[in-house]
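This report concerns only the one structure given below.
The values are calculated or read from the model by the stated rules, or taken from the named source; none is laboratory data. Nothing here was measured: the structure is a model prediction, and the numbers come from that model. Methodologically, a virtual Cβ is constructed for each residue, glycine included, from the backbone with ideal geometry; neighbour enumeration extends over all protein chains shown. Keep in mind that these areas ignore ligands, DNA and RNA; they rest on the heavy atoms of the full protein, side chains included. Shrake-Rupley method; radii C 1.70, N 1.55, O 1.52, S 1.80 Å.
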Amino acid sequence: MKNDLAQRPAQPNPVVNSFVELQRQVKGAGLLGRRRRFYLTLFSILLLAWGGAWTGFGLLGHSGFQLLVAVGLGILMTQFGFLAHEAAHRQVFSSWGANDWFARLVATGLSGISYAMWQQKHTRHHANPNMIGKDPDIRPGFVAFHDEAAAKRPRRLHFIAKIQGYLLFLLLPFLGFSLQVDSYRHLLSKGKVDRRALELVILTARIAVVPVLGFIFLPPALAIGFVLIQQAVFGFYMGATFAPNHKGMKVFAENERADFLTRQVRSSRNISGGPFMDFLMGGLNYQIEHHLFPSMPRPALRKAAAFVRNSCREQDIPYTSASLLRSYGIVIRYLNAVGHGQGSVFSCPLAQELRQPLVRP
C-alpha cells in the first residue's frame, strides 16, 4: 500500500500553480525591481522635514506652538518607521547589508524602536499571519484578538472585553511606549541579539535626547507635554496604520493548513485610496500584495494589485478592500464580537460583498 502511494503521481494544486503564474507575471512586469531613487528622495524629504521641525523647536522658545512641533515629530517618527520596515524587507537596496544597516539606523536612531526586536517579531507575523499561537500580533494581551484568547481572560475583565473594540483606539497612543519597553526587553534578553550593544547605545541616546532637550529649553509643564504628545502621536499613527490590515479577517487555528496564496490573502485587507493613502500608510494599504511579495517596493504595489485581484478571481479567493474609516468600523465590531464570545461566527462584511464570482469564457 505504501509503495502504491509513493508511486502515485502528485496531484497538482491549482491555487499553488496560480501563485507560481502570478509570480511570473509580476516579475515579468518588472514590479520586483528596486526603486532606490524613490526611497532616497523620500528619505531626503523626511530628513529635511525632521531638521525643519527641530529648527522650529529652537526658534519658538517658550511657546505653546511647541506642541504642534511635537505632533509633527511624532508623524515623522512613524514615516521613518515605514522606511525602516521597507528596507528590512529588502525593498530599497539590492544589497542585503545596505538594507540591513539602513533599517537598523533609521528604526533605532530616528523612530526609537529596536530593529532587532522588530525584525524577529515581524518575520514571525509574515510567516503566519493571523495564526493562533504563531502570529505575535494576535498574542493574548489586554485586547483579545480571537475567541481562544478571550475565553482565557479572567472573569473580572469580561466587561472590558465587550467594549475592547473601542478601547483599542484609546490604547493606541501608548503603543510607542510599549514598543520601547519591548525593545529594551529584547535587547537585554539572554538570547542571541544581533548588534545588541550598538542598538542599546543608539536607542538609549535617541530616547533620552527628546526629554533632555525639552527640559533644557522649555518650562517643565511644556516639556512634559512636548515629550508625551510626540510619543502619543507616534503610537497612535503607527497603530492606526497596522490595525485595519488584519483585524476582522480570517483567523487560522494553530494546526489549520492553507496554501500560501489563500493564507496571505484571506488574512489581509487592503485600504482603498489614491497616492495620498500610499504615503499616509507607507504602502501598507496594499497589505495583500505586501504579504504576497514582501520585497516589492512601495511604488509597484498599486500595479501589482491588478494582477493579484485577477488571480484571486480565477481561484475564487475573496480579495478584500475597504476605505480607511470603514475598515476601522469593521475592526471595532469584530473585537467587540470577540469580547462577547462571538468572534468565531464573525465574518468581515466585505469578504463576501467584494467576492467576485468566477466568470469563464
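Across the stretch 211-225, computed HN-Hα scalar couplings (Karplus, 6.51 cos²θ - 1.76 cosθ + 1.60, θ = phi - 60°) run x, 4, 5, x, 7, 6, 9, 10, x, x, 5, 5, 5, 4, x Hz from first to last residue, x flagging Gly and Pro.
With all protein chains present and a 1.4 Å probe, how do Arg153, Arg104 order by accessible area, largest first? Walk me through the intermediate numbers first.
Details: Arg153 25, Arg104 0 Å².
Largest accessible area first, the list is Arg153, Arg104.
Only residues of the stretch 110-130 count here: report those whose backbone N is under 19 Å from the spot 7 Å along Cα→Cβ of Val201, or say none. Backbone N within reach: 110-117.
Classified by the C-alpha gyration tensor, the stretch 131-170 has an oblate form. Its axis ratio a/c, with a ≥ b ≥ c, is 1.5 or above, and a/b does not exceed b/c.
Want the number for Ser189 to Ile224: 0.36 nm per residue separation, take away the alpha-carbon distance, what's left? Write out the running numbers ahead of the final one.
On the way: separation 35, 0.36 × 35 = 12.60 nm, distance 3.01 nm.
Answer, rounded to one decimal: 9.6 nm.
In percent, rounded to a whole number, the relative contact order of the chain is 23, using alpha-carbon pairs under 8 Å and six or more apart.
Rolling a 1.4 Å sphere over the protein heavy atoms, what is the accessible area per residue of the chain, to the nearest Å²? If you can, show how the numbers build up before the last one.
Details: 17790 Å² over 361 residues.
Using a 1.4 Å probe on heavy atoms only, each residue of the chain averages 49 Å².
When N is the residue count of the stretch 19-135, what does its C-alpha Rg come to as a fraction of 2.2 N^0.38 Å?
On the way: Rg = 17.9 Å, N = 117, 2.2 N^0.38 = 13.4 Å.
Ratio of Rg to 2.2 N^0.38 Å for the stretch 19-135: 1.33.
Relative contact order, percent, of the stretch 48-145 when contacts are C-alpha pairs under 8 Å separated by at least 6 residues? About 15 percent, as a whole number. Which of the aspartates and glutamates could be linked to Lys303 by a straight reach, that is with a Cα gap under 14 Å, when you skip same-chain ones fewer than 8 residues away? Straight-distance partners of Lys303: Asp278, Glu289. For Met131, the residues whose amide H sits under 5 Å from its own are Phe252, ignoring neighbours fewer than 5 places away on the same chain, with H placed 1.01 Å from N. Here the relative contact order of the stretch 163-275, from alpha carbon pairs under 8 Å that lie six or more residues apart, stands at 32 percent. The accessible surface of the chain, taken with every protein chain in place and a 1.4 Å probe, is 64 percent carbon and sulfur. Distance between the pseudo-spin-label points of Ala29 and His122 (7 Å out from Cα toward the beta carbon): 2.4 nm.
Summing -39500 (n - 2.57) over the DSSP H runs of n ≥ 4 in the chain and dividing by its residue number, what mean residue ellipticity at 222 nm do you reach, to the nearest 500 deg cm²/dmol?
Values: 18 runs with 230 residues, N = 361.
Computed ellipticity for the chain at 222 nm equals -20000 deg cm²/dmol.
Phi angles across the stretch 31-43 convert, under the Karplus curve 6.51 cos²θ - 1.76 cosθ + 1.60 with θ = phi - 60°, into 3J(HN,Hα) values of 7, 9, x, 5, 10, 4, 4, 4, 5, 5, 5, 4, 4 Hz, Gly and Pro given as x. Under a 5 Å amide H cut-off, with hydrogens placed 1.01 Å from N, Ala322 pairs with Asn270, Ile271, Ser272 among residues at least 5 apart or on other chains.
In this rough spin-label picture, where each label sits 7 Å from Cα along the Cβ direction, the Val20-Arg313 distance is 2.4 nm. The string of couplings for the stretch 48-62 from the Karplus curve (6.51, -1.76, 1.60, θ = phi - 60°) is 4, 5, 4, x, x, 5, 6, 5, x, 4, x, 7, 6, x, 7 Hz, one whole number per residue in order, with x for Gly and Pro.
The stretch 160-196 and the stretch 85-108 have their alpha-carbon centroids 22 Å apart. Both numbers refer to the Cα atoms of the stretch 165-304; Rg and Dmax are 19.0, 58 Å.
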